[in-house]
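Step one of this worksheet: look at the structure below.
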Amino acid sequence: LLRTPRARAALCLGAGLQALQQLCGINTLMYYSTSALMLAGFPTRLSIWLGAVTAGAQFVGISVGVFLIDRYGRRTLVLNSLALVVLCLVII
């Protein structure tokens, strides 16, 4: 499988995209958002609700992405998403 240049390129691309996802830290932010809000001084109940809003926003983003893949293609969405992730990380 790895002897075929096309399969090797697909594997490298997939591994690279996964590495970018892990390195941007969004999984950590999503998982610990409620704890981070509590450490920032928000009441426990409000932190839970704000964590739910964060999860809801992620769900909406994923749903929109599913529909946009068919319309614009994966490459366009990946490049645009990567640019927006970089922008958001700079803002944070």
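The values are calculated or read from the model by the stated rules, or taken from the named source; none is laboratory data. The shown structure was predicted, so the numbers you read here are calculated from the model rather than taken from an experiment. Note that each Cβ is placed from the backbone with ideal geometry, even for glycine, and that neighbours are counted across all protein chains shown. Accessible surface is based on the protein model in full, side chains and every heavy atom, while ligands, DNA and RNA are left aside. Shrake-Rupley method; radii C 1.70, N 1.55, O 1.52, S 1.80 Å.
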* From the residues in the range 1-32 that are within 17 Å of LEU84 (Cα to Cα) and among the polar types (S, T, N, Q), which one is least open to solvent (accessible area, probe 1.4 Å)? -> ASN27
* Asked: Of the residues in the range 33-48, how many are of a type outside the set (Ser, Thr, Tyr), exposed (fewer than 13 other Cβ atoms within 10 Å of the Cβ) and at negative phi?
  -> 5
